[in-house]
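The values are calculated or read from the model by the stated rules, or taken from the named source; none is laboratory data. A quick note: this is a predicted structure, and the numbers were derived from the prediction, not measured. Neighbour counts run over all protein chains shown; Cβ positions are idealised from the backbone, glycine included.
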Amino acid sequence: MKTLKVLSALLTYPTAEMQAAAGELAAALDAEGLLPNGERAALRALIDDIAAADLYDAQERFILLFDRTRALSLHLFEHVHGESRDRGQAMVDLLKLYEEGGYTPTEKELPDFLPLFLEYAATRPPAEALELIGQPAHVLAALRERLAKRKSPYEAVFAALLALAKVRPDAEILDRLLAEPDPEPDDLAALDAAWEEEEVLFGPGAAAESCGKDGLAAKLRQARRPAPGLEAPPGAGPRTIISHQLRS
């Protein structure tokens, strides 16, 4: 699905090559015609915005949005597991899903990086691809709302993903995600507080779990980290930082 490839590209760090390919990106969306007119128009506006911007300004905006704040992280399991040990096993299972599907991801990104996840989905048959992107619908919806609050044109990507998936996010989980701290990227004190966690290591002792699409769906729907004022789910341990990052 070329549409998923375009959405994946729009969520990566802006480059001169991306700016030069603006016309091709918009044409691919129109040619496939999977998105409603409103979502396509919003995406064309984002594409035009990136293409017309000073490259360094576009790159700085991207970093401030997606790299500085946990609330807008493009790593799916960040919103589901935080930095708990569960995230490590989820990474292993997601990587196994990619490999079983004949997809070899880049070693530069962790398996749960959203553009990478969309690239994999784009390689699957259409029905399977849409089912896959619907699994993290609550995460996509939370990201969309936070970007809308900032009046960011990047909201268009998440609106498009939700339109494709045609899945209504779980309201309770979405509310929990939206209750998480959402500091502005220039509020350094708030950012430090949001990222401050107890550091632990995880290793081969993590329990093996089944993978496949059903297992992935369960992991993407857990949203184990409680929002402030909410009771932690049963069995949830302390929030942690993973010091050892898994690579293929």
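What to note about this one:
- Matching entry among T104, T123 (being β-branched (V, I, T) and free of Cβ contacts under 8 Å to residues at least 40 places away in the same chain): T123
- Output for the stretch 147-205, where each listed residue is aliphatic (A, V, I, L, M) and at pLDDT 90 or above: L147, A148, A156, V157, A159, A160, L161, L162, A163, L164, A165
- Candidate set from the stretch 74-88 (those that are more than 17 Å from Q135 (Cβ to Cβ) and under 18 Å from the mean Cα position of the chain (by Cα)); member that is modelled with the highest pLDDT: G88
- In the stretch 138-152, the residues that are in contact (Cβ under 8 Å) with a residue 40 or more places away in the chain and farther than 18 Å from F77 by Cα form Cβ pairs under 7 Å with partners that are of a type outside the set (K, R) and outside any helix (DSSP H, G or I), at six or more places apart or across chains, as follows: L147/Y154.
- For L43, the conditions (1) assigned to a helix (DSSP H, G or I); (2) crowded, with 21+ Cβ neighbours inside 10 Å; (3) at pLDDT below 95 are fulfilled apart from (3).
- Just so you know, in the stretch 165-177 the residues that are out of contact with any helix residue (DSSP H, G or I) (no Cβ under 6 Å at 6 or more places or on another chain) and not in a loop (DSSP other than H, G, I, E, B) include one that is nearest to P36 (Cα to Cα), and it is A171.
- Residue match in the stretch 90-98 (condition: under 22 Å from G134 (Cβ atoms) and hydroxyl-bearing (S, T, Y)): yes
- Yes/no for T69 being of a type in the set (S, T, Y) and either in contact with a strand residue (DSSP E or B) (Cβ under 6 Å, 6 or more places away or on another chain) or within 16 Å of A163 (Cα to Cα) (or both): no
- Count - residues of the stretch 8-39 that are free of Cβ contacts under 8 Å to residues at least 40 places away in the same chain, in a helix (DSSP H, G or I) and within 22 Å of L140 (Cβ to Cβ): 8
- Qualifying residue in the stretch 133-149 (condition: more than 21 Å from A42 (Cβ to Cβ), surrounded by fewer than 20 Cβ atoms within 10 Å (Cβ to Cβ) and among the aliphatic types (A, V, I, L, M)): no
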